[in-house]
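Reading through the structure tokens given below for one structure.
The values are calculated or read from the model by the stated rules, or taken from the named source; none is laboratory data. Just so we're clear, the structure is a prediction, and the values are computed from it rather than from any experiment. Note that each Cβ is placed from the backbone with ideal geometry, even for glycine, and that neighbours are counted across all protein chains shown. We work out accessible area using only protein heavy atoms, side chains counted, and drop any ligands, DNA or RNA first. Shrake-Rupley method; radii C 1.70, N 1.55, O 1.52, S 1.80 Å.
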Amino acid sequence: MNEKKQTTRALGRHIVQSPPEVSFCAGCSACEIVCSLVHDGVVGHAYSRIFVNKGTRSMVSTIYSCQHCLDHPCYEACPRKDQAMCLDENGIVYINEEHCIGCKRCIKACVFDPPRINYVHSKDKTKRKAKKCDLCRTRPEGPACIEFCQVSCLGLSKSENSD
Amino acid sequence: MAELYGYVGKIARINLTDQTVSIIPTTNYVPKYIGGRSIANKIFWDEVGPGVKAFDPENKIIYMTGPTTATGIPTGGRTVFTTISPNSLPEQYAWSGIGGDFGAEVKFAGFDGFIIEGKAKEPTYLFIEDGDIKFLSARNLWGKLVHATQSKLEEIHGQDVKSVVIGPAGENLVRNASVTTSNDNVAAKAGLGAVFGSKNLKAITVRGRGTVIPANIPKVLELRKKMAEPSMAPRPVVHETHHGIPGTEKPVPGGWKRAQVACSYGCNQHCMCLMLGMKSAFGEEKVNHVEKCVSIVAFGFEEDVPYGGPGGPGGIFQTEQNHYLACKLLSREVDPPDTSDPYFEQQFTPGPGDVLNFWKHDFEKGSVINDLCNEYGIDKWDVLIWLLPWLSMGKKEGVFDEIDLGMEIDVESEEFIKHLMDIIVYRKGYYGDLLAEGMARAIRVLGKEKFGDTIYHGRYSRQINKRLDLPISLETAWGHSVHWQGRGFEASIAKPAWVATNLHQMTSTRDTQTIQHHHDTFENYLELKDDPCRSPLTAQAVIMGENKAEIKDSVTCCDWQSPNLFWPDMEAQMFEAATGIPMTEEELNIAAERSRLLFRAITIRNYGRARELEVNAIFPIMQYPDPWGETVTWEEWNDLVDLYYEQRGYDKETGWPTRATYEKYGLKDVADELEALGKLPPAKK
Ligand code: SF4
Ligand code: SF4
Ligand code: SF4
């Protein structure tokens with residue numbers, strides 16, 4: 001994993017993957033699928049706010065999603081800040097897609113590698129949208145990826161900065 | 001309908017000879033043909049007539065996803081290839097399921113499936129990206145092992161592509177060559193790898209950025225929680241100290257590490273045992289590989305799978321309290337049986353399997369054998385249940401004294417097995433070339449009486465404490481090896497079950513038990529057990545199993561979750577959630593009957609399938625005793641076949657479906673064509 005430069009960064013609560021001694025990711029992609037289903041009603045790589053990186057030969061999978069940095073550089077970089085990239089009362093950065101112009105600045109500003117913001121390409125410029133984990137903030141049951149992980153290898157970090 | 005749910009709407013016809021692509025709307029076939037294998041059967045019936053051989057350019061590779069593929073409905077990631085199988089004897093139309101992420105990616109790229117035709121002039125692979133299909137040179141891939149091919153394609157096109165590839169076995173037209181995904185899922189049963197090779201097709205690589213839209217998302221989420229009761233509990237990597245078929249495990253020096261992974265995109269199970277840090281056949285570096293089902297015997301094959309009673313391993317005869325899925329067995333997640341079941345005592349009567357003494361337990365050697373099969377791209381069943389047991393048994397019976405394979409025949413030796421696989425895969429020498437033709441053909445060339453039918457004296461039944469006969473070649477109908485058929489491997493099932501599995505096999509063109517494990521209720525078992533060949537319930541359960549197999553390869557779902565006898569409309573619910581098209585269990589069964597009839601019609605029209613042919617194909621293997629010393633008589637078997645044909649709506653004399661049967665399922669045109677060919681039974685007065 002290539003978590004460039006940011007190991008000491010202050011992070012908010014975010015989705016974490018258990019180490020293999022606790023639970024080994026089955027590589028089933030359910031987290032990606034339910035994430036896009038509950039948000040967009042579709043299944044497709046560009047619509048998931050969480051990514052499963054599957055090792056072709058190893059079959060060992062690594063999960064990537066937004067780390068909810070407390071200084072949220074993606075939010076700061078958004079030219080439509082507070083309309084497209086928004087911050088809720090709990091400090092969660094989320095995207096209000098109606099206002100997202102698909103400029104990709106948030107993606108460039110993400111300090112992680114790979115960047116934790118997904119992107120829907122479209123010939124129609126008005127349909128280009130960034131997709132980012134919002135911790136399922138409006139979903140009463142909480143994060144869908146955690147709920148539907150068949151081996152419970154996803155969870156919420158306990159507190160800021162922990163994993 | 002403005003928006004298409006479940007399906008993505010296009011089937012690509014890809015011609016390798018002239019490098020052209022045309023598009024067929026999926027709605028030409030659905031919903032009448034559901035998806036998956038049903039569409040493939042229809043296409044094959046329409047497009048490939050008699051006389052075409054497996055390696056002819058006129059043979060087609062039909063690949064189909066199902067309406068549930070990539071919708072988030074568990075098991076929908078399973079998809080199906082069909083073709084004329086070079087590994088069936090005679091060559092016949094057959095099919096093979098495959099998991100992995102490939103099918104989902106095909107749909108994200110905008111296709112429900114492909115029809116691949118013709119033959120490329122030189123090594124070629126298809127690169128498919130969002131509706132665009134390119135024919136690229138595979139010169140730099142040709143000769144590469146399976147994983148090296150997968151890696152090279154990722155290097156060229158990016159890590160997010162999904163590929164199915166062949167290894168050297170497919171390139172060299174080894175008849176049991178497989179097609180492999182990036183996570184060691186294979187389409188192995190229909191010799192598909194060799195058909196790819198015959199078309200100079202090394203791989204299909206796909207990237208899809210599109211979407212698949214299920215009609216009913218709350219229902220999809222409900223199915224995720226409900227189908228096969230996913231454990232939703234942590235599954236850590238486990239340090240194992242032993243390895244082997246449950247009940248026969250042997251210690252492994254230093255132990256080994258096991259994890260569990262899902263086989264297909266979006267499944268809610270983790271059936272595949274991932275063996276971590278295993279010995280490779282090709283280098284010092286340790287590899288991870290998947291053990292699913294048969295690969296377990298690579299590590300040691302001294303005794304057969306134990307008997308568990310009528311409700312035992314495989315869960316053939318089930319009650320509501322005690323029925324579990326084979327995949328749960330492989331993921332080591334089976335709960336202890338529910339003892340409150342009134343039938344508990346009768347259901348579970350464990351006992352040991354036959355002593356076979358094919359080869360001793362050797363963990364490292366087992367890993368090497370599996371790695372050889374994975375990397376060359378070759379069907380493990382043929383190697384582990386046929387080739388190697390044949391060499392083991394034949395050597396002990398002295399049949400190979402005149403044969404020089406270039407090294408002393410010794411299935412206990414890792415070096416010998418590496419040598420053996422090398423001469424077969426690269427067709428080296430007379431015997432390498434011959435064995436590459438597959439066991440059924442090789443044995444006929446060598447002389448079946450000596451090289452097939454010689455009796456092995458090393459089989460010992462611990463059910464009746466007696467030595468029992470077994471032929472050195474574990475062959476069943478249609479050029480495939482035995483599977484849950486009462487003798488050979490997974491033989492520890494009693495007659496009421498094995499007459500059924502053999503009936504499944506009789507009407508097939510390939511090994512069926514990998515795709516339609518036989519199931520029935522325990523209550524039926526109590527009624528049929530004393531004379532299973534004379535009970536209509538046996539035929540009824542086989543028909544249910546055959547239809548469910550059509551459904552699962554069409555909707556699509558997985559053999560290890562379907563059928564669920566206690567949730568019979570599960571597949572209808574899956575179909576409806578994916579497509580939004582109302583569907584009942586009965587309607588889905590009608591579609592399955594239709595698909596099955598097309599399959600039957602193909603075998604009748606193209607390969608002369610008829611009663612005499614199929615009864616004679618299956619009968620011989622059942623003349624060897626099961627672990628209790630039981631066989632079936634000609635009269636018994638024919639009585640069962642009568643019952644089956646009758647219930648199917650086939651003419652009993654010929655085994656051909658009647659006009660009324662075809663017409664009942666909307667296939668009048670099929671009946672007309674068969675009638676013109678003289679392949680419709682005479683109408684009854
Ligand atoms: S918490 Fe919700 S938004 Fe974030 S990755 Fe999981 S499912 Fe997607
Ligand atoms: S749902 Fe869980 S097991 Fe499946 S890919 Fe995601 S993290 Fe891995
Ligand atoms: S149930 Fe198991 S074998 Fe079937 S699709 Fe799911 S993971 Fe694969």
>> Restricting to the range A:1-52, give me the number of residues that are modelled with pLDDT under 95 and either within 21 Å of residue B:154 (Cβ to Cβ) or away from ligand 1 (no atom under 16 Å from the Cβ) (or both).
In response: 10
>> Give me the residue from the range B:347-377 that is assigned to a helix (DSSP H, G or I), among the polar types (S, T, N, Q) and closer than 29 Å to residue B:436 by Cα and, out of that set, most open to solvent (accessible area, probe 1.4 Å).
In response: B:374
> Of the residues B:238, B:261, which is over 30 Å from residue B:93 (Cβ atoms) and more than 7 Å from chain A (Cβ to nearest Cβ)?
Replying inline: B:238
>> Six or more apart or on different chains, Cβ atoms under 8 Å: show the pairs whose first residue is in the range B:405-429 and closer than 18 Å to residue B:358 by Cβ and whose second is among the polar types (S, T, N, Q) and open to solvent by less than 40 Å² (accessible area, probe 1.4 Å).
In response: B:411/B:392
> How do the helices (runs of 4 or more DSSP H) wholly within the range B:546-622 filter down when requiring 3 or more residues that are among the β-branched types (Val, Ile, Thr), in the same structural domain as residue B:512 (by TED's automatic domain parsing) and at pLDDT 95 or above: which remain?
Replying inline: B:585-607
>> Just to verify a result, which residue in the range B:216-225, among those that are of a type in the set (A, V, I, L, M, F, W, C) and at the interface with chain A (Cβ under 10 Å from one of its Cβ atoms), is nearest to residue B:575 (Cα to Cα)?
In response: B:220
>> Please verify whether residue A:107 is within 13 Å of ligand 1 (Cβ to nearest atom), within 13 Å of the chain's Cα centre (by Cα) and aliphatic (A, V, I, L, M), treating the condition exactly as stated.
In response: no
> Restricting attention to the range B:28-37, does a residue exist that is in contact with a Leu (Cβ under 8 Å, 6 or more places away or on another chain) and over 28 Å from residue B:123 (Cα atoms)?
Replying inline: yes
> Based on what the data block shows, is residue B:230 open to solvent by less than 20 Å² (accessible area, probe 1.4 Å), under 26 Å from residue B:555 (Cβ atoms) and not in a strand (DSSP E or B)?
Replying inline: yes
>> Tally up the residues in the range B:259-303 that are open to solvent by less than 10 Å² (accessible area, probe 1.4 Å), more than 16 Å from ligand 3 (Cβ to nearest atom) and not in a strand (DSSP E or B), please.
In response: 3
> Regarding residue B:228, is this residue hydrophobic (A, V, I, L, M, F, W, C) and within 13 Å of chain A (Cβ to nearest Cβ)?
Replying inline: yes
> Which of the residues belonging to the range B:131-174 are open to solvent by 10 Å² or more (accessible area, probe 1.4 Å), away from every other protein chain (no Cβ under 14 Å) and either aliphatic (A, V, I, L, M) or closer than 23 Å to residue B:99 by Cβ (or both)?
Replying inline: B:133, B:136, B:173
> Of the conditions (1) within 14 Å of ligand 1 (Cβ to nearest atom); (2) in a loop (DSSP other than H, G, I, E, B); (3) under 15 Å from the mean Cα position of the chain (by Cα); (4) surrounded by 13 or more Cβ atoms within 10 Å (Cβ to Cβ), residue A:63 fails just one. Which one is it?
Replying inline: (2)
> In the range B:451-465, is there at least one residue being assigned to a helix (DSSP H, G or I) and in contact (Cβ under 8 Å) with a residue 12 or more places away in the chain?
Replying inline: yes
> Can you tell which of A:78, A:74 is touching a residue at least 40 places away in the same chain (Cβ under 8 Å), crowded, with 20+ Cβ neighbours inside 10 Å and away from chain B (no Cβ under 14 Å)?
Replying inline: A:74
> Considering B:418, B:328, which residue is of a type in the set (Lys, Arg), at pLDDT below 95, out of contact with any Asp or Glu (no Cβ under 7 Å at 6 or more places or on another chain) and in a helix (DSSP H, G or I)?
Replying inline: B:328
> Taking only pairs six or more apart or across chains, which ones have beta-carbon atoms under 9 Å, a first residue in the range B:270-298 that is within 11 Å of chain A (Cβ to nearest Cβ), and a second residue that is within 16 Å of ligand 1 (Cβ to nearest atom)?
Replying inline: B:270/A:28; B:270/A:150; B:270/A:151
>> Test of understanding: among B:321, B:269, which residue is more than 16 Å from ligand 2 (Cβ to nearest atom), farther than 20 Å from residue B:482 by Cβ and not hydrophobic (A, V, I, L, M, F, W, C)?
In response: B:321
> Just checking, how many residues over the range A:8-25 are within 11 Å of chain B (Cβ to nearest Cβ), out of contact with any Gly (no Cβ under 8 Å at 6 or more places or on another chain) and either in a helix (DSSP H, G or I) or open to solvent by 20 Å² or more (accessible area, probe 1.4 Å) (or both)?
Replying inline: 4
>> I'd like the full set of residues that are more than 14 Å from ligand 2 (Cβ to nearest atom) and either open to solvent by 20 Å² or more (accessible area, probe 1.4 Å) or at pLDDT 95 or above (or both), limited to the range A:137-158.
In response: A:137, A:138, A:139, A:140, A:141, A:142, A:158
>> Residues that are touching a Lys or Arg at 6+ places or on another chain (Cβ under 6 Å) and at pLDDT 95 or above, at least 2 per element: which strands (runs of 3 or more DSSP E) completely within the range B:91-183 meet that?
In response: B:92-98, B:113-117, B:124-129
>> So residue A:28 passes all but one of these: (1) crowded, with 23+ Cβ neighbours inside 10 Å; (2) within 16 Å of the chain's Cα centre (by Cα); (3) under 25 Å from residue A:147 (Cα atoms). Which condition number does it fail?
In response: (2)
> Restricting attention to the range A:87-104, does a residue exist that is small (Gly, Ala, Ser), in contact with a Gly (Cβ under 7 Å, 6 or more places away or on another chain) and either within 16 Å of ligand 2 (Cβ to nearest atom) or over 16 Å from residue A:32 (Cα atoms) (or both)?
Replying inline: yes
> Of these, B:646, B:675, B:636, which one is open to solvent by 80 Å² or more (accessible area, probe 1.4 Å), of a type in the set (Asp, Glu) and farther than 28 Å from residue B:30 by Cα?
Replying inline: B:646
> Can you find even one residue in the range A:28-44 that is in a loop (DSSP other than H, G, I, E, B) and of a type in the set (Asp, Glu)?
Replying inline: no
>> For the range B:241-258, give me each residue that is buried (at least 17 other Cβ atoms within 10 Å of the Cβ) and within 14 Å of another protein chain (Cβ to nearest Cβ).
In response: B:258
